[in-house]
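Remarks on the structure that follows.
None of the figures in this text is laboratory data; all of them are computed from the coordinates on show. In this text, all values refer to a predicted model and were calculated from it rather than measured experimentally. No Cβ is skipped: glycine too gets one built from the backbone with ideal geometry, and neighbour counts run over all protein chains shown.
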Amino acid sequence: MTVSNTPLNVVNTHKQYSEMTDMPSAQFSMVKDPYPSRLANAPASLWQPRQESVVKGRHLSGPLSQAQLDEFERKGFLFIPDLIVGSELDELRRELRALMNHDAYRDKPYSVTEPESQEIRSLFAVHLLSQRMGELARDERLAGAARQLIGAEPYVHQSRINYKPGFAGKGFNWHSDFETWHAEDGMPNMHAVSASLILTENHEFNGPLMLIPGSHKKFVPCLGETPGDNYKSSLKAQEVGVPSKEALTELVAEHGIEAPKGQAGGLLLFDCNTLHASNANLSPDPRSNVFFVFNRPDNRCREPYAAPASRPGFLAHEPDDDVQSLTAPSR
């Protein structure tokens, strides 16, 4: 067992809005927002072009081939089946069960339950709570792939276990992670990638992740001001930071929808701006994965661009975070 008993405290640091014509003028900061969202009025265009390149580290060492980098560049995601197998996979599955059943983590801010039950849906900061998950986050098969994609040595911006129980696991609305991290955490640019290692079979009936290929090249602004402490509800059911039906309809008409599926041990890499969602799990088979977001140190979070205050530290880590730093009263 490698689970830590160290308690976590919510870390809140006040941050301001950035300069957006739709936000209150009294709360402007001096930094202009390159990707305005959470707007009061519908923008003139359904989306704006992405400003950053997608694959930034083709020249760096790592496990991905040039063909795999090309696929990620084109689609905004890459699925690698059977990355981890055998006893190593069994060990990770045991660690997942230990973390999800750890009594000390229940009813904590970093433990998110299903909207209609007390069953844990997500457990955050797992690379700090678990030595084994910390080792996985540093594994070259994941961190090395992130290095090639973001163009720098990565750090873990966020980690979590997602669990969607059979018959009861709820779906999650369409969204871009970057839109949330930019608006609510202050991530400046699209220099982050998510690595999701599936630890149970993902099939068409248990709510696999759906992605819109090619959507990573277009930033879709969203309507609606960010409420205070929005994360408390958005982690269970996202209602703010959701693209319009018009934008989604046009993007799906152009690009379609894909849902990578496979046996436990496969790895899904996807760009921070790729639009994705999932359906409810109506099958008897649970769906679980361990999820790491890798970010560049020069892209660390600053002031949130469209929220009254920063979210807790367990949702947006700093490069040098450890368990002790998470228990500090403020940043």
Discussion item. Can you give me the distance in nm between label points at S283 and F205, each placed 7 Å from the Cα along the Cα-to-Cβ direction?
Written reply: 0.7
Practice prompt. Would you mind calculating the gained length between E88 and E153 on full extension (0.36 nm times residue separation, minus the Cα-Cα distance), in nm to one decimal?
Written response: 20.9 nm
Worksheet, complete the sentence: Taking a label point 7 Å from the Cα of V252 along Cα-to-Cβ, the residues of region 38-69 whose backbone nitrogen sits under 18 Å from it are 46-47
Worksheet item: Label N173 and T113 with points 7 Å out from Cα along Cα→Cβ: what is the distance between them in nm?
Response: 2.3
Fill in: Two-site FRET efficiency, S45 against E239, from Cβ-Cβ distance with R₀ of 35 Å, rounded to 0.05
0.95
Worksheet item: When the Karplus curve 6.51 cos²θ - 1.76 cosθ + 1.60 is applied with θ = phi - 60°, which whole-Hz ³J(HN,Hα) does each residue of region 38-50 get, with x for Gly and Pro?
Response: 6, 7, 7, 10, 4, x, 5, 10, 5, 7, 10, x, 5
Worksheet entry | Ranked packing of 162-173, 261-272, most packed first, by mean Cβ within 10 Å | 261-272, 162-173
Practice prompt. Using θ = phi - 60° and the Karplus relation 6.51 cos²θ - 1.76 cosθ + 1.60, list the HN-Hα couplings for region 188-205 in order, rounded to whole Hz, with x at every Gly or Pro.
Written response: x, 9, 7, 10, 10, 9, 9, 10, 10, 8, 7, 10, 9, 4, 9, 10, 5, 9
